[in-house]
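Note sheet for the following structure.
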Amino acid sequence: MERRVVITGMGIWSCLGTTLDEVCQSLYTGKSGIVFSPERKEAGFRSALCAHVERPDLKPFVSRNLRQFMPEEAQYAYMATRAALEHARIDMDYIDSHEIGIIYGNDSVAEATMNALDKFREFKDTAACGSGAIFQSMNSTVTMNLACLFRLRGINLTASAACASGSQAIGMAYMLIRHGMQDCIVCGGAQEANLYGVAAFDGIQSFSIREDEPAKASRPFDRDRDGLVPGGGAATVILESYEHAVKRGAPILGEVVSWGFSGNGGHISTPNVEGPARSLELCLKNGNITPGQIGYINAHATSTRIGDSREAQAIAQIFSGHRVPVTSTKSQTGHEMWMAGASELIYSMLMMKGDFIAGNLNFENPDEDSALLDIVPETRQAHFDMFLSNSFGFGGTNSTLIVRNL
């Protein structure tokens, strides 16, 4: 028998705040987390725009011996997971007596890898890399660190799927719980916010160069968009079977009711319409959900010309005849990349619980494709009980989640 899968805890470390209350307030007021970085301009970036993400202080929580294994994104993920477990009312005694797993999205560790290899080249000695370098530089660094720090003994897996990583992690956790293979899984996504992790993106001119107005640079779906803005941080969601959550008296926030996924099978960086449309279609079909039941769509839209247009066409195709409110929270956060699928689920949950839809900042003029959608430009009071969240990535990896209110 397939089991229901519920959300019992959330934690986030974002440019919009480091608590759920802070982030909710930022969403409601339309705060932008995007800034101009003199460091990036001096380093040779074409665009010095980025989201400002506060670096956490782990000293009160993690010993120095263990911090040496943790690159930047693992630090964000630790803080988000610590908060999510507390939100779900799961303490270390409970973890020690129950099998809890972890599936987390991550797809780069550029800075840690670079630092270790720079030391090797400088001193011509591999020992100069440091004893923590191997653990910091592996793509699975987040899951290996969190699994050890929180003593998690269930599934231990990294979802590496470009900008769909966080969403794919949640989707895979949903499937394992739904089919009875796990009762509880920590899942989410993390993204390093340093300049080295996105230097190559800047090199292919992916970023907005609207440097004189940072808050107006990320403009998903707008006719005058000129590129994305990089962000980062981490977001953690606790998923459990409904029975498991009820048995332990957990707070039940919402239910993951479906997951859809697809591959574009085309160009490595240029998206098509068919792949995203298939992900949307399968998500609705797998959950036996009709387009009319969806009250809000959190779009992947990153503020790139082709990506936004192709997604708008896909949504319009699948939701034909249904004018569902659509926004991209990347207008406030920039593109949080490997983290985005998880953080945007949390942003959407906060909106659903707060009876509002955060406005798609800087949406001033539609193009021929975005005109097909009901894009909400300013915060709107709205009640909805079910939302859909899209995440698409390089290589044509697509993931769509549907969550309902409980």
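The values are calculated or read from the model by the stated rules, or taken from the named source; none is laboratory data. Predicted model, so just to flag it, every value in this text is computed and none were measured. Quick reminder, even Gly has a Cβ in these numbers, built from the backbone with ideal geometry, and neighbours come from all protein chains shown.
Checking residue 264 against (1) polar (S, T, N, Q); (2) under 23 Å from residue 360 (Cα atoms); (3) touching a Pro at 6+ places or on another chain (Cβ under 9 Å), only one condition comes out false. Which one?
(2)
Quick test of your reading of the structure: residue 298 fulfils all but one of (1) under 25 Å from residue 190 (Cβ atoms); (2) in the same structural domain as residue 197 (by TED's automatic domain parsing). Name the failing condition by number.
The number of the failed condition is (2).
Check the range 94-112 and report whether any residue there is among the polar types (S, T, N, Q) and touching a helix residue (DSSP H, G or I) at 6+ places or on another chain (Cβ under 6 Å).
Our first condition is that a residue be among the polar types (S, T, N, Q); within the range 94-112, this holds for 97, 106, 108.
Among the residues that remain, those that are also touching a helix residue (DSSP H, G or I) at 6+ places or on another chain (Cβ under 6 Å) are: 106, 108.
Checked against the condition, which is being among the polar types (S, T, N, Q) and touching a helix residue (DSSP H, G or I) at 6+ places or on another chain (Cβ under 6 Å), the range 94-112 yields at least one hit.
Yes or no: residue 63 more than 20 Å from residue 169 (Cα to Cα), more than 25 Å from the chain's Cα centre (by Cα) and of a type in the set (S, T, N, Q)?
Yes: the conditions hold for residue 63.
(1) within 17 Å of the chain's Cα centre (by Cα); (2) surrounded by fewer than 24 Cβ atoms within 10 Å (Cβ to Cβ): which one isn't true of residue 378, the others all being true?
Among (1) within 17 Å of the chain's Cα centre (by Cα); (2) surrounded by fewer than 24 Cβ atoms within 10 Å (Cβ to Cβ), residue 378 violates only (1).
What is the residue count in the range 118-138 for residues that are surrounded by fewer than 17 Cβ atoms within 10 Å (Cβ to Cβ) and part of a loop (DSSP other than H, G, I, E, B)?
Residues in the range 118-138 being surrounded by fewer than 17 Cβ atoms within 10 Å (Cβ to Cβ) and part of a loop (DSSP other than H, G, I, E, B): 4 in total.
Look through the range 290-314, keep the residues that are of a type in the set (Val, Ile, Thr) and within 17 Å of the chain's Cα centre (by Cα), and return whichever of them is farthest from residue 331 (Cα to Cα).
Of everything passing the filter in the range 290-314, 297 is farthest from residue 331 (Cα to Cα).
Which of the numbered conditions does residue 124 fail, given that it passes all the others? Conditions: (1) out of contact with any helix residue (DSSP H, G or I) (no Cβ under 7 Å at 6 or more places or on another chain); (2) of a type in the set (D, E, K, R); (3) at negative phi.
All conditions are met except number (3).
For residue 277, state whether it is in contact with a Leu (Cβ under 6 Å, 6 or more places away or on another chain), surrounded by 17 or more Cβ atoms within 10 Å (Cβ to Cβ) and outside any loop (DSSP other than H, G, I, E, B).
no
Tell me which of these residue 252 doesn't satisfy, since it passes every other one: (1) over 22 Å from the mean Cα position of the chain (by Cα); (2) within 27 Å of residue 143 (Cβ to Cβ); (3) surrounded by fewer than 19 Cβ atoms within 10 Å (Cβ to Cβ); (4) of a type in the set (A, V, I, L, M, F, W, C).
(1)
Since residue 333 meets every condition but one in (1) more than 14 Å from the chain's Cα centre (by Cα); (2) surrounded by 23 or more Cβ atoms within 10 Å (Cβ to Cβ); (3) β-branched (Val, Ile, Thr), which condition does it not meet?
Just one mismatch for residue 333, condition (1).
Could you tell me whether any residue of the range 126-141 is within 30 Å of residue 247 (Cβ to Cβ), out of contact with any strand residue (DSSP E or B) (no Cβ under 7 Å at 6 or more places or on another chain) and assigned by TED's automatic domain parsing to the domain that holds residue 11?
So in the range 126-141, the residues within 30 Å of residue 247 (Cβ to Cβ) come out as none.
Checked the range 126-141: no residue is within 30 Å of residue 247 (Cβ to Cβ), out of contact with any strand residue (DSSP E or B) (no Cβ under 7 Å at 6 or more places or on another chain) and assigned by TED's automatic domain parsing to the domain that holds residue 11.
Within the bounds of the range 294-310, is there any residue that is in contact with a strand residue (DSSP E or B) (Cβ under 9 Å, 6 or more places away or on another chain), under 17 Å from residue 174 (Cβ atoms) and among the hydroxyl-bearing types (Ser, Thr, Tyr)?
no
Tell me which residues, restricted to the range 1-36, are touching a Pro at 6+ places or on another chain (Cβ under 8 Å) and β-branched (Val, Ile, Thr).
8, 18, 34, 35
For the condition within 24 Å of residue 206 (Cα to Cα), surrounded by fewer than 24 Cβ atoms within 10 Å (Cβ to Cβ) and in the same structural domain as residue 394 (by TED's automatic domain parsing), what is the one hit in 356, 363?
Working: 356 fails: within 24 Å of residue 206 (Cα to Cα).
Selected residue: 363, the only one of 356, 363 that is within 24 Å of residue 206 (Cα to Cα), surrounded by fewer than 24 Cβ atoms within 10 Å (Cβ to Cβ) and in the same structural domain as residue 394 (by TED's automatic domain parsing).
Filter the range 125-172 for residues that are among the polar types (S, T, N, Q) and more than 16 Å from residue 190 (Cβ to Cβ); which is nearest to the chain's Cα centre (by Cα)?
Checking each candidate, the answer is 131.
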